[in-house]
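Presented below is the structure to which this report refers.
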């Protein structure tokens, strides 16, 4: 089973603010996210993929 992160946990992992992560989601950049009720969650593997693409110089947030 996958592990899911909150916006705040993603921000901590990426050493940025939760507001930045929310902005990335708003403009369609950043790791994939989904909602469960009112909560926004990120699958850990999606966040890891986002980081790997950024490391390779892909056009991410």
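Derivation of every value follows stated rules applied to the coordinates shown; laboratory data play no part. Just so we're clear, the structure is a prediction, and the values are computed from it rather than from any experiment. For neighbour counting, all protein chains shown are included, and Cβ atoms are generated from backbone atoms with ideal geometry for every residue, glycine included.
Computed quantities for the displayed model
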read-out	value
Yes/no for residue 30 being assigned to a loop (DSSP other than H, G, I, E, B) and in contact with a helix residue (DSSP H, G or I) (Cβ under 8 Å, 6 or more places away or on another chain)	yes
Residue match in segment 46-53 (condition: in a helix (DSSP H, G or I) and in contact (Cβ under 8 Å) with a residue 40 or more places away in the chain)	yes
Residue in segment 4-18 that is touching a strand residue (DSSP E or B) at 6+ places or on another chain (Cβ under 7 Å) and touching a residue at least 40 places away in the same chain (Cβ under 8 Å) present	yes
For residue 45: the one exception among (1) in contact with a strand residue (DSSP E or B) (Cβ under 9 Å, 6 or more places away or on another chain); (2) surrounded by 10 or more Cβ atoms within 10 Å (Cβ to Cβ)	(1)
Single residue of 10, 40, 21 found to be in contact with a helix residue (DSSP H, G or I) (Cβ under 9 Å, 6 or more places away or on another chain) and assigned to a strand (DSSP E or B)	40
